1. Every residue in region 250-266 that is in a helix (DSSP H, G or I), surrounded by fewer than 19 Cβ atoms within 10 Å (Cβ to Cβ), touching a residue at least 12 places away in the same chain (Cβ under 8 Å) and in contact with a Leu (Cβ under 9 Å, 6 or more places away or on another chain), please.
2. Take the residues in region 178-202 that are within 19 Å of residue 71 (Cα to Cα) and among the hydrophobic types (A, V, I, L, M, F, W, C); name whichever of them is modelled with the lowest pLDDT.
3. When region 111-121 is examined, which residues are found to be over 16 Å from residue 43 (Cα atoms) and not hydrophobic (A, V, I, L, M, F, W, C)?
4. Residues of region 174-202 being farther than 17 Å from residue 136 by Cβ and in contact with a Cys (Cβ under 7 Å, 6 or more places away or on another chain), which ones?
5. So which helices (runs of 4 or more DSSP H) are wholly in region 161-242 and hold at least 3 residues that are within 17 Å of residue 21 (Cα to Cα) and of a type in the set (Ser, Thr, Tyr)?
Amino acid sequence: MATLAQVRITLEMIKWEHSIFALPFALTGAMLAAGGWPSAHTLLWIVVAMVTARSAAMAFNRWADADLDAANPRTRSRAIPAGLLTPTFVLLFTAAMTGGFLLACWRLNRLTLLLSPFVLLVLFSYSYMKRWTRMSHLVLGLSLGIAPSAAWIAVRGSLDARIMLLSAIVLLWTAGFDILYACQDMDHDRQAGLHSIPQALGLPAAFALARGFHAAVAVALVAFGWLFHFGWAGYAGVALVAALLAYEHRLVSPRDLSRLNAAFFTMNGIIASVFFVSVAADLLLHRR
């Protein structure tokens, strides 16, 4: 029973359900690279790589931020500050997930394995960025933005410049919603000497920058559709993503952060899923 309780607490700690943020973009990259569904072998190991990489990154973040989380009223109930898991257990879990990620990269192809240390460097370094720079949101964006390009490499064993545009789109999308999410910790970050866009610029400027990032995402998605010769299903997905991004920004404002969790968790999970489904439908309906 104790082991089952640890599993439940660990899954809650890493927010495993939020894998839906990046996984659809990885699957999009894989399908675009394959011109449809990749082989079952490739698809399986891409999913394993995504889940283990994200789990390792989240666990490492909780370990690295344990003292900071304990000092923040919003986060002091997390597993390590609350004494539900020990730092040693979380670090061992991180190591196990890192091993799973490296195994998945090895099972995919040589280039994927060669690039895996770079991916881990980005994922783990994010945890320390807010101690040094307000640009930590962009590093988180890069952590998720790697996904579609990495999946392309996993399928083809090489990189195409076109898929890098989707990585840039995911980077801006993630950075935009992370700026919004950081607004709730603005006062604490100032007191603790941590860096973020809201802490440095204030809420109105942070919201304006997040809106700018997401407007750029909408424009870039049209260009991305053109590069990959989207049909009606793909462009319908682009239009729906743009509408969902606009709705997300209607849920919160500098004066009202009460619906921030809905904007951050629910809407962004829907956005990622909608984009994948539309691109998958486009590929399967207009197989090239």
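The values are calculated or read from the model by the stated rules, or taken from the named source; none is laboratory data. Fair warning: this is a prediction, and the values are worked out from it, not measured in the lab. In this analysis, Cβ positions are derived from the backbone assuming ideal geometry, glycine residues included, and neighbour counts consider all displayed protein chains.
1. The first filter runs over region 250-266 and keeps only residues in a helix (DSSP H, G or I), leaving 250-251, 260-266.
Cutting the leftovers down to surrounded by fewer than 19 Cβ atoms within 10 Å (Cβ to Cβ) gives us 250-251, 260-262, 265-266.
From what is left, the residues that are touching a residue at least 12 places away in the same chain (Cβ under 8 Å) are 251, 260, 265.
Hits for region 250-266 are 251, 260.
2. By that ranking, first place goes to 192.
3. 116, 117
4. none
5. Working: elements: 161-182, 186-192, 197-201, 203-227.
Counting at least 3 such residues, we get 161-182.
Residue-by-condition table, conditions (1) under 23 Å from residue 125 (Cα atoms); (2) among the small types (Gly, Ala, Ser); (3) in contact (Cβ under 8 Å) with a residue 40 or more places away in the chain:
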{"residue": "25", "(1), (2), (3)": "yes, no, yes"}
{"residue": "30", "(1), (2), (3)": "no, yes, yes"}
{"residue": "38", "(1), (2), (3)": "no, no, yes"}
{"residue": "93", "(1), (2), (3)": "yes, no, yes"}
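This table checks each residue for (1) crowded, with 23+ Cβ neighbours inside 10 Å; (2) farther than 30 Å from residue 257 by Cα.
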site: 131; (1), (2): no, no
site: 156; (1), (2): no, yes
site: 159; (1), (2): no, yes
site: 170; (1), (2): yes, no
site: 179; (1), (2): yes, no
site: 190; (1), (2): no, no
site: 212; (1), (2): no, no
site: 244; (1), (2): no, no
